[in-house]
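Taking it in order: structure first as structure tokens, then the write-up.
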């Protein structure tokens with residue numbers, strides 16, 4: 001009987017740890033289309049960092065990474081075209097490039113909120129717009 005109780009405690013602790021770690025998302029969670037682009041905002045699986053991925057009509061993919069889960073500031077960007085990709089890290093790119101990436105990131109987050117509010121989907125994670 002005590003083994004079952006211990007197992008239940010371990011499982012409960014795991015569920016609480018996951019729920020407290022931000023695994024259940026934010027108001028920006030989104031997976032749908034904005035215009036001709038496929039846009040997805042969520043958290044990375046292993047470390048819980050924010051990631052915004054935009055797949056453009058021409059096949060280019062741009063990923064914006066926010067390493068601090070709460071500040072919504074772009075720390076690095078990965079642009080993938082075909083099988084090749086380029087990473088732009090905060091300390092390796094110019095201030096203008098980082099500012100442009102942050103502006104794009106902010107614009108997408110604003111569009112996500114607009115679409116969710118227009119459809120009344122503030123807390124729904126998967127949207128098809």
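The values are calculated or read from the model by the stated rules, or taken from the named source; none is laboratory data. Everything quoted here is computed from the prediction, not taken from an experiment. All Cβ positions, glycine included, derive from the backbone under ideal geometry; neighbour counts span all protein chains shown.
Consider residue 101 carefully, then state whether it is modelled with pLDDT of 85 or more and farther than 26 Å from residue 27 by Cα. No, not satisfied. It is to be established whether one or more residues within the stretch 39-52 are in contact (Cβ under 8 Å) with a residue 60 or more places away in the chain, surrounded by 14 or more Cβ atoms within 10 Å (Cβ to Cβ), in a strand (DSSP E or B) and in contact with a helix residue (DSSP H, G or I) (Cβ under 8 Å, 6 or more places away or on another chain). Yes, some residue in the stretch 39-52 is in contact (Cβ under 8 Å) with a residue 60 or more places away in the chain, surrounded by 14 or more Cβ atoms within 10 Å (Cβ to Cβ), in a strand (DSSP E or B) and in contact with a helix residue (DSSP H, G or I) (Cβ under 8 Å, 6 or more places away or on another chain). Only one of the numbered conditions (1) in contact with a strand residue (DSSP E or B) (Cβ under 9 Å, 6 or more places away or on another chain); (2) surrounded by 10 or more Cβ atoms within 10 Å (Cβ to Cβ); (3) modelled with pLDDT under 95 is not met by residue 86, and that is (2). Residue 126 - would you say it is touching a strand residue (DSSP E or B) at 6+ places or on another chain (Cβ under 7 Å), at pLDDT below 80 and surrounded by 13 or more Cβ atoms within 10 Å (Cβ to Cβ)? So residue 126 does not fit the description; no. Within the stretch 55-62, not a single residue is at pLDDT below 95 and either buried (at least 16 other Cβ atoms within 10 Å of the Cβ) or not in a loop (DSSP other than H, G, I, E, B) (or both). Considering (1) in a loop (DSSP other than H, G, I, E, B); (2) modelled with pLDDT under 90; (3) closer than 26 Å to residue 116 by Cβ, the lone condition that residue 28 does not fulfil carries the number (2).
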